[in-house]
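Enquirer: My questions will all concern the structure given below.
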């Protein structure tokens, strides 16, 4: 489902984009059968220089039921608050796996590419493909962030987290913001399929581009470009009558075989099989699970 709630309070407090997981098919794998609902909240203008959005996942499964969910994550850092478990999930080139049981929630912060660097002020390369305890990464702010995440989940809003993070971000520009712009250009412009193209667009040498991405994003520009193109493949795969050869050409693959190989290497299944499962899956429900109204 897709609902936009509006009221008279400031936009970053209440402009809640409430969606089912099926509307985020590029990142959430097999979204039509995802056993949860996702609410997304935009950040304030100041925090939005570094944070893409806040998210709240809620699930309610039958007694004894367990589900596995795979996510083709964006090449960014996420903060994740689930009860007493508080994590910093680094940028990854693989698939993130989550196991769900019973009922519960997770509140998260998805940073823009390179958006976490101002909080850390050191290279993010060491965080790639890792999940770390929040107390180990941001020890001084960990308790406040965890408390803000719990409040945000309970009240179904992001203003508390936004206000908690805001003082930690600089008011003046920082070097990582230029890297953010380049990474997001790679996401938007499907014609960018090689590092050389991104270097040309940035007027930087390939070596300089690689150093900045490693330090600010935590991944190489090649991996960032590949991740966005694979998300595009996953999104396209949800449609009927997919022309894989055409998509391979459009996304810069040498041929269809290379696209299939890359997609299978990351997700564990061929694009055609993924597409078949998605197009045959029943339509997602248009309502929240029982009891999900109000507080999680």
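Enquirer: May I ask you to say which residue of 108, 104 is more than 18 Å from the chain's Cα centre (by Cα), more than 20 Å from residue 227 (Cα to Cα) and part of a strand (DSSP E or B)?
Expert: Values: 108 fails: more than 18 Å from the chain's Cα centre (by Cα).
Checking each option against the conditions leaves just 104.
Enquirer: Please go through the range 49-66 and pick out each residue that is under 24 Å from residue 102 (Cα atoms) and touching a helix residue (DSSP H, G or I) at 6+ places or on another chain (Cβ under 9 Å).
Expert: Residues of the range 49-66 that are under 24 Å from residue 102 (Cα atoms), as a first pass: 54-66.
54, 56, 57, 58 - these are the residues of the range 49-66 that are under 24 Å from residue 102 (Cα atoms) and touching a helix residue (DSSP H, G or I) at 6+ places or on another chain (Cβ under 9 Å).
Enquirer: Of everything in the range 81-98, what is in a strand (DSSP E or B) and touching a residue at least 40 places away in the same chain (Cβ under 8 Å)? Give them in sequence order. Working first, answer last.
Expert: The first filter runs over the range 81-98 and keeps only residues in a strand (DSSP E or B), leaving 81-82, 85-89, 96-98.
Once the filter is applied, which keeps residues that are in a strand (DSSP E or B) and touching a residue at least 40 places away in the same chain (Cβ under 8 Å), the range 81-98 yields 81, 86, 87, 88, 89.
Enquirer: Of (1) surrounded by fewer than 17 Cβ atoms within 10 Å (Cβ to Cβ); (2) over 12 Å from residue 90 (Cα atoms); (3) touching a strand residue (DSSP E or B) at 6+ places or on another chain (Cβ under 8 Å), residue 138 satisfies all except one. Which?
Expert: Checking residue 138 against (1) surrounded by fewer than 17 Cβ atoms within 10 Å (Cβ to Cβ); (2) over 12 Å from residue 90 (Cα atoms); (3) touching a strand residue (DSSP E or B) at 6+ places or on another chain (Cβ under 8 Å), the one that fails is (1).
Enquirer: Also: Tally up the residues in the range 21-64 that are at pLDDT below 90 and assigned to a helix (DSSP H, G or I), please.
Expert: 6
Enquirer: Follow-up. Given the conditions (1) surrounded by 13 or more Cβ atoms within 10 Å (Cβ to Cβ); (2) modelled with pLDDT of 95 or more, and given that residue 196 satisfies all but one, which numbered condition is not satisfied?
Expert: Tallying (1) surrounded by 13 or more Cβ atoms within 10 Å (Cβ to Cβ); (2) modelled with pLDDT of 95 or more, residue 196 fails exactly one: (1).
Enquirer: Continuing with the same structure: For residue 67, indicate whether it is in contact (Cβ under 8 Å) with a residue 60 or more places away in the chain, under 25 Å from residue 234 (Cβ atoms) and assigned to a strand (DSSP E or B). Walk me through how you get there before you give the answer.
Expert: On the way: in contact (Cβ under 8 Å) with a residue 60 or more places away in the chain: no; under 25 Å from residue 234 (Cβ atoms): yes; assigned to a strand (DSSP E or B): yes.
The answer is no for residue 67.
The values are calculated or read from the model by the stated rules, or taken from the named source; none is laboratory data. From a predicted model like this one, the values you see are computed outputs, not experimental measurements. We place every Cβ from the backbone using ideal geometry, glycine too, and count neighbours over all the protein chains shown.
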